[in-house]
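Notes follow the structure.
The values are calculated or read from the model by the stated rules, or taken from the named source; none is laboratory data. Computed from a prediction, not measured in an experiment: that's the story for all the values here. Counting neighbours? That spans all protein chains shown, and the Cβs are built from the backbone with ideal geometry, glycine included.
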Amino acid sequence: MKRSISAKLKGTLLIFLITGIASCGEKVYYGEVDCSECYQIRPDSADLIVRLTLNGGIQEVPLTFYRGNIEGGVVECVDTAFTDPYYLWVAVEQAYSVKAEYYHGGKVVYAVDGTTIEILKVPDACDEECYIINGETLDVRLKPGFP
């Protein structure tokens, strides 16, 4: 009887191990999903979305994008935003940071944020297995009342 249990246990462990190895590298998401925003083919690029403060006193915001952290990261792109939100097409599965420069009343105010864009596999929420993009939004808006 001991051998039978041991053999079953080995078989179960083997199946678990094979399943675990086959799914290595893919992060799975089991939450609620808007299936219209789910990709059938795993994306390798996505929009990095930057939320900004633009108003009567601030009509443009210089942005510096870094791959990785601002400290020690590599400058990916430098641009000026005139609309909110601002979009930048980037590779996924990467960490990104942004530094926004706000000029107001002769002063410079910096706002920074960072994220890692992930691709998550959705195994059973939609008709077919698909992928969603997570962590694509950076928020460098100024707090209400500032400046």
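One table, with the values for the structure above:
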| read-out | value |
| --- | --- |
| Residue within the stretch 128-143 that is out of contact with any helix residue (DSSP H, G or I) (no Cβ under 7 Å at 6 or more places or on another chain), among the small types (Gly, Ala, Ser) and modelled with pLDDT of 95 or more present | no |
| Condition met for GLU60 (of a type in the set (D, E, K, R) and touching a residue at least 60 places away in the same chain (Cβ under 8 Å)) | no |
| Members of the stretch 10-38 found to be hydrophobic (A, V, I, L, M, F, W, C), modelled with pLDDT under 75 and part of a helix (DSSP H, G or I), listed by number | LEU13, LEU14, ILE15, PHE16, LEU17, ILE18, ILE21, ALA22 |
| Top-ranked residue in the stretch 42-57 [being free of Cβ contacts under 8 Å to residues at least 60 places away in the same chain and in contact with a Phe, Trp or Tyr (Cβ under 9 Å, 6 or more places away or on another chain); ranked as nearest to LYS143 (Cα to Cα)] | LEU54 |
| Members of the stretch 96-110 that are closer than 14 Å to GLU71 by Cα and among the hydrophobic types (A, V, I, L, M, F, W, C) | VAL98 |
